[in-house]
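The values are calculated or read from the model by the stated rules, or taken from the named source; none is laboratory data. The model shown is predicted, which means the values in this text are computed figures rather than measured ones. Glycine gets a Cβ as well: all are built from the backbone with ideal geometry, and neighbour counts include every protein chain shown. Each accessible area value is taken on the protein alone, full model and side chains, heavy atoms only, with ligands, DNA and RNA left out. Shrake-Rupley method; radii C 1.70, N 1.55, O 1.52, S 1.80 Å.
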Amino acid sequence: MTWASAKGSISMNHYPKIVSWIAVSVGGMAMFLLFASWVLVSFPIGSTVSGYFYGVDSLQKVELSSPAGNQSLVDSPLPDNVVMSNKEDRSESSSEVPTSLNSPVGGSEAKDLPVVPVVSENGALGKPIDPQVPSGSSSSSGDENVETTHQTLSNDTNSHGQVSFSGSHKESEDVAKPDLGSSNGTVTYVGPETNDTTPSSTDSKSESIPASSHLPNDASSGSVDTGCDLYHGSWFFDSSGPQYTNNTCPVITQMQNCQGNGRPDKEYENWRWKPHQCDLPRFDARKFLELMRGKTIAYIGDSVARNHMEAMLCILWQVEAPRNRGNKKMQRYYFKSTNTFVVRIWSSWLVKQTSEAFDYAPEGVTKLHLDAPDDRLMDVLPQFDVIVFSSGHWFAKQSVYILNNEIVGGQLWWPDKSKQMKINNIEAFGISVETILTALATHPNYTGIAIVRSFSPDHYEGGAWNTGGSCTGKVRPLALGQRVENGFTNIMHEKQVSGFNHAIKKLNNKSKLKLMDITEAFEYRHDGHPGPYRSPDPNKQTKRGPDGRPPPQDCLHWCMPGPVDTWNEFVLEIIRREYEGGSNLSS
């Protein structure tokens, strides 16, 4: 009994110790969990882990405003119409952008730049500065690289009905603006809501670009709502970059090979277009070739059409190298995997042109028969399933306008000052658009899609290409409120849209007419032109001349890769909507 009692007392003495140990352990664990929870809340690693596995960018969490003690994110805000893609941070890009945008710029030979009208004090147009005027030859090899200037429209006309121009974009209120009334067709940009803060210079450094969460997690590859308006939206920075480089595409025209010509920055290659109501997918080369299986797409027009076509080829080249089956009259690239052709035909005005003497217009001067389509096109049009038209810029060049077999006007040509011109170059452009589209809309054998790419804006500032015009140092899109109004661009766009609408009313075949209205969006892309980087010559002029003017620049065509690649994203979406079902952009 004594032994049992002793054993029992020993066992009972141990129980309190065990209970105490358990209580201490539970308490310690609770304290650890509380401490760990505080650490996770104060220093979250979840977003880092999520970013690693799911690609969620921590920059989405960054506020656009900053406390007074940290101004690094607000000193140089993005333009109000520009947002950031929610992709990985492009931290290395800042080294590619010059820290000073006033550094010397390049230059090149001016032989391929536009003819500029001489404007007298009374507003009359005289002889062109450049005597090299196209003769109206049908050859595509010589004329296509002679580019045209785009003068800002003045609100004055001379006694002969000729529109007079200033030699640059409007940069101050001193330059007259056209009074076009309420129906002028000028595109009004509709962008994201903005605050009252005046945006900083768009030439700020890339490292101070703030993040934005206005876009879905993958804005560059999202699906497209077929009812979405593609042409009103914003430019956003896409760190994934272009789908090709100047070293991976062998068909880039040297004048558009900006990196090969020494351009020091590359940020302009990374901005993509985001419609307000949906996402515009990145161009899918295989998708395009599949949609175009057994079909042909033709780019018809001037050197901007060539620029557009080469951008298409560059992207497609990344998945399949085509075979060149072209000739002097027609460039033709064949993609064997889907039996697809990409074609380009040179037609500077899209209407019939001759150089023979007509009435009192002598031989050698280009005559444009505004009511007759380019006769070189009509026989081949039925061969094409998709046509992309480009025109307008050559209407600044010397030519004679013939309508109903009568001389009715001219550009840089009007020998009889006692007669009043009936049609100026702007009216002539509108008539030409209606003529070529009506011919296609009433062609008995054409059943394809005709896409009219609207007027491509230039960005010469301070003059024309040979009078000091420049687009040097532009490294990102313009901000809302910073777009420089260009009356010539506005009214040319108006006439083009008017001609398109008139042609739609005459449609009597199975063809589809589509207006690809890029003008407004691309007025913000002053950063996308070659500027002085038109030549690979390492000894090219990069400093201003004795008169203070920069060397001749190209502020009309587009760098490749660059903003021009967006045009083919539009083209693909138009084709997809037509072949797979969707909204009708011509309405």
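With both labels modelled 7 Å from their Cα along Cα-to-Cβ, the Lys328 to Thr248 distance reads 3.6 nm.
Surface composition of the stretch 344-499: carbon and sulfur atoms hold 46% of the protein heavy-atom accessible area at a 1.4 Å probe.
For the stretch 230-291, the Stokes-Einstein estimate of translational diffusion at 4 °C and a viscosity of 1.567 mPa s comes to 94 µm²/s, using the Kirkwood hydrodynamic radius over alpha-carbon pairs.
Rg/Rh for the stretch 304-349 (Cα atoms only, Rh after Kirkwood) is 0.98.
Amide H contacts for Val351 (H built 1.01 Å from N in the peptide plane; partners 5 or more residues away or on another chain; cut-off under 5 Å): Asp374. Relative intensity of the stretch 468-528 on a log10 scale, I(q)/I(0) at q = 0.26 Å⁻¹, equals -1.15, per a Debye sum over C-alpha point scatterers of equal strength in the absence of solvent. For Val452, neighbours were defined as the other residues whose beta-carbon sits under 10 Å from its Cβ, and their charges (Lys and Arg +1, Asp and Glu -1) total +1. In units of the compact-protein estimate 2.2 N^0.38 Å, the stretch 459-503 shows a Cα radius of gyration of 1.52.
For the pair Glu485 and Lys505, what calculated FRET efficiency results from E = 1/(1 + (r/R0)^6), where r is the Cβ-Cβ distance and R0 = 35 Å, to the nearest 0.05? That pair, Lys505 with Glu485, gives E of 0.70. On full extension, the segment bounded by Gln318 and Ser337 gains 5.5 nm, given 0.36 nm per residue less the C-alpha separation. Rounded to 0.05, the FRET efficiency of the Thr442 and Asn405 pair, given R0 = 22 Å and the Cβ-Cβ distance, is 0.60. In terms of Cα atoms, the Rg and Dmax of the stretch 288-394 work out to 16.1, 55 Å.
The Tyr360 and Thr467 beta-carbon pair, evaluated with R₀ = 30 Å, returns a calculated FRET efficiency of approximately 0.40.
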